[in-house]
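The values are calculated or read from the model by the stated rules, or taken from the named source; none is laboratory data. This one's a predicted model, so the numbers in the text were calculated from it and none came from an experiment. All Cβ positions, glycine included, derive from the backbone under ideal geometry; neighbour counts span all protein chains shown.
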Amino acid sequence: MKTLLLYFSQTGNTEKVAKSIQDGIRDAEGLCDLIVLKEFDPALLAEYDLVGLGSPVFYYKEPFNVQDFIEGLPELNGQHWFVFCTHGNVIGNFFPSIIEKLKKKGALVIGFHNSYANITLPFYPRPSYTSGHPDLIDLEQARAFGRKIGKLSPQIKNQESELIDLSCPVSSEEWNQDSRMLTRETLEKILPKLSINPETCIQCRECEENCPVHGIDIEEDPPRIQTPCIYCWHCVNICPTLSIEADWEPLVRMAPANYSRYKKELDEVTERGEFRWLIDPELIDLNDPFYKQRQRETKTKK
């Protein structure tokens, strides 16, 4: 059996999980290629018996670039797929949303896996509630999933379809409502607008080269940014001179209310044995978001 693992990762968490799943599939004596999503040609899908698709969760569902990738797929004709993700406080509607889209393309989705991971939003603090994940336990769980899915696909091909279990984790309905509400059009209206400060930008091109949707061109006049955008804010977090600017304060003011909701969700999944606290949540300072932490670090270095 030949397996393909496609993944979208920015800070490396999803990549770590993908590599652990790959190790598990190889443990099950399967061939497994690991390819970054934006580097893969869908015309090559027919070469594989099983395909895994992984990404972080954005706005309680799959990121818009992942949605676009799925919409551009050819007819999959019953090809076996599985889905995995990394996420912060809330998994949201990720699995039902992405599974539905894959089924419309003709895929037979046979499994899923999720791992918690650190939050990387500039308007939220670090550490976050889920800091420290994925740890060695999470990665071993991902490897075990790889062994399981690597053995499951051949069994299903042998007419054992009753082995498919898609009772995937889904957050409470309030989060699923948020997932459906936060469309591209809505996010474009309500989220901060980014700009590049020409006085401090050193044109290192880090933002441009790492944008997953090629939404930045620093050589245009004025520099193009957020056209298009998936609102990951990765460019903000990696700019070495803090030259990508926005008014974050409205979102910072929302943090206490949002974190109260997150804590409730995490307490519920902790009771079910689906989450392990690795930090003391009482130590998190909601008035000290990541972008302010970076400002202080930059001043100290100077």
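What the table below lists for this structure:
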| read-out | value |
| --- | --- |
| Residues being loosely packed, with under 13 Cβ neighbours inside 10 Å and closer than 19 Å to residue 99 by Cα - total across segment 156-165 | 3 |
| Looking only at segment 17-45, and only at residues there that are small (Gly, Ala, Ser) and assigned to a helix (DSSP H, G or I), the one that is surrounded by the fewest Cβ atoms within 10 Å (Cβ to Cβ) | 43 |
| Residue within segment 46-64 that is on the phi < 0 side of the Ramachandran plot, in a loop (DSSP other than H, G, I, E, B) and small (Gly, Ala, Ser) present | no |
| Any hit, segment 200-214, residues being touching a residue at least 40 places away in the same chain (Cβ under 8 Å), out of contact with any Pro (no Cβ under 9 Å at 6 or more places or on another chain) and not assigned by TED's automatic domain parsing to the domain that holds residue 48 | yes |
| Within segment 105-146, considering residues that are of a type in the set (Gly, Ala, Ser) and over 17 Å from residue 270 (Cα atoms), the one surrounded by the most Cβ atoms within 10 Å (Cβ to Cβ) | 146 |
| Wholly within segment 175-272, helices (runs of 4 or more DSSP H) carrying at least 2 residues that are crowded, with 18+ Cβ neighbours inside 10 Å | 206-210, 234-238, 249-271 |
| Failed condition for residue 173, given (1) free of Cβ contacts under 8 Å to residues at least 40 places away in the same chain; (2) within 21 Å of residue 29 (Cβ to Cβ) | (2) |
| Tally, over segment 28-40, of residues that are at pLDDT below 95 and closer than 19 Å to residue 134 by Cβ | 0 |
| Contacts under 6 angstrom Cβ, first residue in segment 126-153 being closer than 12 Å to residue 111 by Cβ and without any contact (Cβ under 8 Å) to a residue 24 or more places away in the chain, partner of a type in the set (Ser, Thr, Tyr) and surrounded by fewer than 21 Cβ atoms within 10 Å (Cβ to Cβ), 6 or more apart | none |
| Residues satisfying the stated conditions in segment 236-253, i.e. farther than 13 Å from residue 193 by Cβ and within 22 Å of the chain's Cα centre (by Cα) | 237, 238, 239, 252 |
| Test: residue in segment 94-114 that is in contact with a Phe, Trp or Tyr (Cβ under 8 Å, 6 or more places away or on another chain), of a type in the set (Ser, Thr, Tyr) and not assigned by TED's automatic domain parsing to the domain that holds residue 232 | no |
| Residue identified as among the basic types (Lys, Arg) and touching a helix residue (DSSP H, G or I) at 6+ places or on another chain (Cβ under 6 Å) among 61, 104 | 61 |
| Residue match in segment 106-115 (condition: touching a Lys or Arg at 6+ places or on another chain (Cβ under 7 Å) and assigned to a strand (DSSP E or B)) | yes |
